Amino acid sequence: MKALDKETAIARMNTFGRNGTPFLFVIDYMQEHSYVEPLDGIDTSVCLYQFRGTGNAPDAGARYAGTIDWEFTPPTPADYRRSFDTVRRNLLGGNSYLTNLTCKVPLRTNLTLKDVFLHSHALYKLWLKDRFVCFSPEIFVRMEEGRIKSFPMKGTIDATLPHAESILLDDAKEAAEHATIVDLIRNDLSMVSEHVTVASYRYIDRLQTNKGPILQTSSEICGMLPGDYTKRLGDILFSLLPAGSITGAPKPRTMQIIAEAEGYERGFYTGVMGCYADGRLDSAVMIRFIEQEDGQLYFKAGGGITAQSRWESEYNEVIQKIYVPIY
């Protein structure tokens, strides 16, 4: 697989869409490096994918029989708070309404990247040999029969807490964060489609992890695509990037704040991955992500920060998200 620049990736996606060629795409956060490969040309020794039960790894999803060693070193509270304070200062200054702050966390586990891919239970999974594995629950966009849909996911809580669902739905900070991201995604879809509506707002998803169940809130936003959309898949998809749920609002200024606060390169983490086949495009935001770098594993995780956020709660949410959905 050869990495492509943005212009080449867009042109390749447009061509494959125009010709009806099924293809896989993987795009990094900054849209500087992309893979766009016909499905029948993917080397399974290098790349495995499974999106909503369909992919090139028939044994994906097999139960893991062993024990899982799982240790990680989160940022110190002081380090996290320094990054958080950078974000909050900008929020209070009116430079952003919502900023997604993430961390790069050293991880020690007996699982290989391929183990995580094969045994994780997730809507969307991708493994690139000696690079990374992603096991994402978050849909980015789906395009089918002239419609585009997006499903932003914001708001997380430990499902075992008493009255967890009510606590999550009644949390003012979580509600404000979710409302902001829904408005941002609605505006994004309006750039490429018409008659954009919010079909479902703040519904609850339950996810299983190796540390126990969690609840997350999502919404569904829909629009009508132009008649020639399959010929312009690359143009449409890239115009929506990076995903609003992992940047914030307004997007360009918030990305500058993210670069200042995080202090590391996200790479493919928080990019998008997906495939196109039979007139349907399906994609996911690349969250829940483990990367291999010089033999060391790193888990990348984060969450949305608003002016109402408390650093202690956000710090704990990051730690809660450092899991694998193997059970």
*asked:* Once you order the gyration tensor axes a ≥ b ≥ c over the Cα atoms, which shape class does region 190-234 get: rounded for a/c under 1.5, otherwise prolate or oblate by comparing a/b with b/c?
replied: oblate
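Report, to the nearest whole %, how much of the accessible area of the chain belongs to carbon and sulfur atoms, 1.4 Å probe, protein only. Provide the component values of the computation, followed by the final result.
On the way: 6600 of 13690 Å².
That fraction is 48 percent.
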*Work out how much length D158 to Y201 would gain on full extension: take 0.36 nm times their residue separation and subtract the Cα-Cα distance, in nm to one decimal.*
13.4 nm
_Whole-Hz couplings from phi, Karplus 6.51/-1.76/1.60, listed for region 115-124; x for Gly and Pro_ = 4, 4, 4, 5, 10, 6, 9, 7, 4, 10
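Quick one: putting +1 on the C-beta of Lys and Arg, -1 on the C-beta of Asp and Glu, what dipole do you get for the chain around its Cα centre, in Debye to the nearest 20? It would help to have the intermediate numbers written out before the result.
On the way: 35 positive and 41 negative charges, 33 e Å.
For this selection, approximately 160 debye.
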_Largest first and in whole Å, what are the equivalent-ellipsoid semi-axes of the chain based on the Cα gyration tensor, each being the root of 5 times an eigenvalue?_
28, 25, 19
*Taking amide hydrogens as modeled 1.01 Å from N in the peptide plane, which residues meet the under 5 Å criterion relative to G61, leaving out close sequence neighbours?*
H119, S120
*Shape call for region 256-307 from the C-alpha gyration tensor, a ≥ b ≥ c root eigenvalues: rounded (a/c under 1.5), prolate (a/b greater than b/c) or oblate?*
oblate
*Please label the shape of region 92-234 as rounded, prolate or oblate, based on the square roots a ≥ b ≥ c of the eigenvalues of the alpha-carbon gyration tensor (a/c under 1.5 means rounded; beyond that, a/b larger than b/c means prolate, else oblate).*
oblate
*Among N90, N316, N14, whose mean-square fluctuation peaks in a Gaussian network model of the chain (Cα, cutoff 10 Å)?*
N316
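Just the number please: accessible area per residue for region 215-327, 1.4 Å probe, all protein chains included, in Å².
Values: 3590 Å² over 113 residues.
Value returned for region 215-327: 32 Å² of accessible area per residue.
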*Alpha carbon centre of region 282-319 versus region 81-105: separation in Å?*
14
*Per residue, what accessible area does region 5-79 have, given a 1.4 Å probe and all protein chains present, in Å²?*
52
*Using a 10 angstrom cutoff on alpha carbons, build the Gaussian network for the chain and name the most mobile of V87, V198, V133.*
V198
_Global size of region 1-105 as Cα Rg and Dmax, reported in angstrom_ = 20.2, 53
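The values are calculated or read from the model by the stated rules, or taken from the named source; none is laboratory data. The model shown is predicted, which means the values in this text are computed figures rather than measured ones. Virtual Cβ from ideal backbone geometry, glycine too; neighbours counted across all protein chains shown. Quick note on the areas: whole protein, heavy atoms, side chains included, nothing else; ligands and nucleic acids left out. Shrake-Rupley method; radii C 1.70, N 1.55, O 1.52, S 1.80 Å.
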